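The values are calculated or read from the model by the stated rules, or taken from the named source; none is laboratory data. Everything numeric here is computed off the predicted structure, so don't read it as measured data. Cβ placement follows ideal geometry from the backbone for every residue including glycine, while neighbour counts extend to all protein chains displayed. We work out accessible area using only protein heavy atoms, side chains counted, and drop any ligands, DNA or RNA first. Shrake-Rupley method; radii C 1.70, N 1.55, O 1.52, S 1.80 Å.
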2 protein chains.
Amino acid sequence: MSVDDYLESARDRDWEELESGTLRLAMIGLGWWTRKQAIPAVEASEFCETTVAVSSTHESGAELVSERESIETALTYDEFVDGEATDEYDAVYVCTPNARHLPYAAAAAEHGKAILCEKPMEATVERAEELVSETEDVPLMIAYRMQMDPLVRRMRELVAEGAVGDPVTVQGHIEQQMLDVVSGDPDQWRLDPELAGYGATIMDIGIYPLNTARFVLDADPVSVTAQMHSEDEAFRDVPDQHAAFTVQFDDGTYAACTSSQHGTSSGSLRVVGTDGVLTLENTFLGQSPQTLTLTKPNGETVEIDDGRRDLFGDQMTEEFDYFADRVVRGESVAPDGEHGLVDMRAIAAIHEAAETGAEVSVE
Amino acid sequence: MSVDDYLESARDRDWEELESGTLRLAMIGLGWWTRKQAIPAVEASEFCETTVAVSSTHESGAELVSERESIETALTYDEFVDGEATDEYDAVYVCTPNARHLPYAAAAAEHGKAILCEKPMEATVERAEELVSETEDVPLMIAYRMQMDPLVRRMRELVAEGAVGDPVTVQGHIEQQMLDVVSGDPDQWRLDPELAGYGATIMDIGIYPLNTARFVLDADPVSVTAQMHSEDEAFRDVPDQHAAFTVQFDDGTYAACTSSQHGTSSGSLRVVGTDGVLTLENTFLGQSPQTLTLTKPNGETVEIDDGRRDLFGDQMTEEFDYFADRVVRGESVAPDGEHGLVDMRAIAAIHEAAETGAEVSVE
């Protein structure tokens with residue numbers, strides 16, 4: 001495929017097979033991401049609708065029932081676990097604190113529902129493994145929205161087709177002001193190791209360059225090194241307000257990444273190969289323009305900005321429609337639980353590497 | 001200073017005090033860099049001229065004497081060390097294999113000549129320390145051309161003035177196809193640990209993001225982690241055909257860097273701070289346009305391309321003129337030997353970190 005063809009087809013869905021159909025979703029957890037991004041993205045989707053809202057109280061969900069036409073039922077977590085209204089939804093989107101993914105995913109599996117579970121899968125490797133084993137009878141997809149981003153998918157295709165020769169190095173970074181962007185509350189769950197897991201930064205955002213590099217390279221991490229520390233009072237209980245890490249992948253490629261929950265929102269991913277360089281700017285945080293640039297050794301450069309400006313919304317709509325396309329057709333989903341476990345093991349290794357000052361294998 | 005002022009003054013010399021004067025240079029080592037970059041850069045300079053050419057044979061230098069008007073004398077290394085023609089030059093530019101910097105710098109010091117010595121300073125920390133002690137009676141400057149690059153200097157000023165708030169993370173990378181760019185000869189000195197020192201990649205090019213990050217942050221490295229390996233036959237004697245490393249600086253900032261001698265020529269440096277992001281694209285390898293972009297948290301972006309297209313030449317001319325400006329006026333030079341020693345110790349630490357799989361302090 002020529003670069004011109006890529007430009008023209010940059011927004012095409014390379015996976016859609018469904019012509020019609022609807023997957024009815026229960027939203028588990030009604031925090032800012034579910035309300036501001038996921039529910040509107042489902043409304044913009046072709047194959048999904050939100051019918052049930054699940055939260056700690058009826059009140060949170062009731063507000064959505066009155067606001068959103070498709071949402072008819074509000075449940076508490078306990079009612080959801082107990083199997084109420086199971087005929088009103090076909091699948092669940094789990095977007096709770098990390099350490100609550102396991103019980104709600106397990107309950108969804110018990111009700112025979114397909115699961116789209118937010119990243120990171122759970123708070124620890126052990127709990128994530130348990131999540132996979134508890135849900136083995138239903139489709140389980142981990143919500144890596146970057147994997148459904150059209151330009152990330154083009155980047156992966158270009159790498160697979162040899163557009164940069166053999167990949168050699170990857171540079172990735174993601175920073176944000178979490179206390180400004182997500183919540184200014186220092187008591188939020190992302191800063192509570194019991195609910196968040198290994199830490200606040202790698203688990204929440206460092207996972208983006210890690211997983212997106214895996215996806216783009218089609219390779220898995222084998223070993224890591226890392227440095228991290230926290231300095232501000234709000235981050236006193238977590239080790240990784242700021243972090244840097246390196247990853248060696250099983251194809252030999254090295255990635256060097258930084259991540260911080262106390263930096264200006266920014267993120268990019270670059271692959272340097274033996275025969276070209278691919279750079280995706282504004283990769284992770286919904287910033288636009290998101291531009292994909294291919295530079296060849298002779299300096300020739302092609303830049304693709306596919307015109308999208310609501311990237312969070314677009315990525316989430318793509319993700320929900322893809323999930324529905326697979327589930328409604330009865331096809332297996334990806335990225336699946338086994339894929340997500342690799343990130344959980346890599347993140348545990350990154351934290352161990354920083355704590356021990358040793359290179360750690362991802363096992 | 002406003003961003004508009006920066007745009008207008010981007011190419012101004014913020015150091016020039018000399019109105020007239022000439023520093024006569026002996027070029028020590030006549031490899032591709034000296035011939036293709038250094039000698040033309042001196043010809044384009046205001047305050048330098050090359051008068052003496054020193055190499056292993058008279059023939060190499062004699063060719064330059066016939067080609068270049070200002071060059072009148074060709075010496076062998078031995079003749080130079082023995083003190084021939086010392087009245088024909090005021091200073092030396094040492095651009096030999098790394099492990100030859102010490103004897104020629106020491107000889108220059110013995111002759112009372114100022115020294116501009118290429119990076120890395122020497123093959124090992126011990127030899128670099130010896131170089132500093134042998135040259136303590138003359139000006140010694142390490143030829144970090146990035147420190148004289150106008151946009152790198154603006155980047156440093158912007159960081160110092162708080163344009164990005166407090167720096168949090170740095171991303172740097174440099175890759176090139178050494179066997180294509182420098183020499184295809186697998187027996188070249190850069191692949192010989194005796195002559196190159198710790199390795200082929202960090203010593204030769206990984207030093208660029210390391211040193212430029214130091215300069216831009218005005219901070220020094222305190223600890224490092226690293227991964228590296230060689231895969232191609234030409235790199236069998238060195239450990240670092242490809243490498244990734246992290247650096248913690250004494251202000252707490254983390255840098256994550258990659259470097260490879262077998263990747264498409266590319267390089268960039270980015271500083272993410274609490275209140276903005278500074279990105280310098282095409283930073284290190286003379287590629288153009290070299291653009292400096294400041295992005296503020298509200299998304300406002302200012303991009304500076306100062307129009308230079310011969311970056312190697314421009315950086316080297318700036319470096320030689322700066323060196324002359326300082327030496328002719330009898331002022332101390334910077335970056336000096338003590339500055340260079342910090343990189344030598346950091347590079348030794350990076351190699352030790354990769355070899356042992358442990359985080360290593362820079363001491």
Among the residues of the stretch B:140-197, what is the count of those that are within 14 Å of chain A (Cβ to nearest Cβ) and over 24 Å from A:V170 (Cβ atoms)? 6
Does A:G184 satisfy the criteria of being in a loop (DSSP other than H, G, I, E, B), surrounded by fewer than 24 Cβ atoms within 10 Å (Cβ to Cβ) and touching a strand residue (DSSP E or B) at 6+ places or on another chain (Cβ under 8 Å)? no
For the stretch A:168-180, does any single residue satisfy the condition of being free of Cβ contacts under 8 Å to residues at least 60 places away in the same chain, under 24 Å from A:A244 (Cβ atoms) and open to solvent by 10 Å² or more (accessible area, probe 1.4 Å)? yes
Could you tell me whether any residue of the stretch A:320-339 is modelled with pLDDT of 95 or more, of a type in the set (S, T, N, Q) and surrounded by 22 or more Cβ atoms within 10 Å (Cβ to Cβ)? no
For the stretch A:136-167, what are the residues that are surrounded by fewer than 22 Cβ atoms within 10 Å (Cβ to Cβ), touching a strand residue (DSSP E or B) at 6+ places or on another chain (Cβ under 9 Å) and not assigned by TED's automatic domain parsing to the domain that holds A:E300? A:V138, A:P139
Can you say whether A:V132 is assigned to a helix (DSSP H, G or I), among the β-branched types (V, I, T), open to solvent by 10 Å² or more (accessible area, probe 1.4 Å) and at pLDDT 95 or above, as far as the supplied structure shows? yes
Among the residues of the stretch A:305-363, count how many are under 18 Å from A:Q227 (Cα atoms) and either in the same structural domain as A:E126 (by TED's automatic domain parsing) or not in a helix (DSSP H, G or I) (or both). 6
Assuming B:I205 fulfils every condition listed in (1) surrounded by 19 or more Cβ atoms within 10 Å (Cβ to Cβ); (2) within 14 Å of chain A (Cβ to nearest Cβ); (3) assigned to a strand (DSSP E or B); (4) of a type outside the set (G, A, S) apart from one, which condition is it? (3)
Restrict the check to the stretch B:149-159 and report whether at least one residue is modelled with pLDDT of 95 or more and within 20 Å of B:A244 (Cβ to Cβ). no
Can you confirm whether the stretch B:223-237 contains a residue that is modelled with pLDDT of 95 or more and under 18 Å from B:T283 (Cβ atoms)? no
For the stretch B:242-304, list the strands (runs of 3 or more DSSP E) that sit wholly inside it and hold at least 3 residues that are more than 9 Å from every other protein chain (Cβ to nearest Cβ) and either open to solvent by 10 Å² or more (accessible area, probe 1.4 Å) or at pLDDT below 95 (or both); which are they? B:291-295, B:301-304
Any chance B:Q227 is in a strand (DSSP E or B), facing chain A (nearest Cβ under 8 Å) and open to solvent by 10 Å² or more (accessible area, probe 1.4 Å): no
The residue that is farthest from B:G286 (Cα to Cα), considering only those in the stretch B:187-202 that are open to solvent by 10 Å² or more (accessible area, probe 1.4 Å) and either among the charged types (D, E, K, R) or touching a strand residue (DSSP E or B) at 6+ places or on another chain (Cβ under 6 Å) (or both), is B:E194
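Considering only helices (runs of 4 or more DSSP H) fully contained in the stretch A:1-112, which possess at least 3 residues that are open to solvent by 50 Å² or more (accessible area, probe 1.4 Å) and closer than 22 Å to A:E318 by Cβ?
Counting at least 3 such residues, we get A:3-9.
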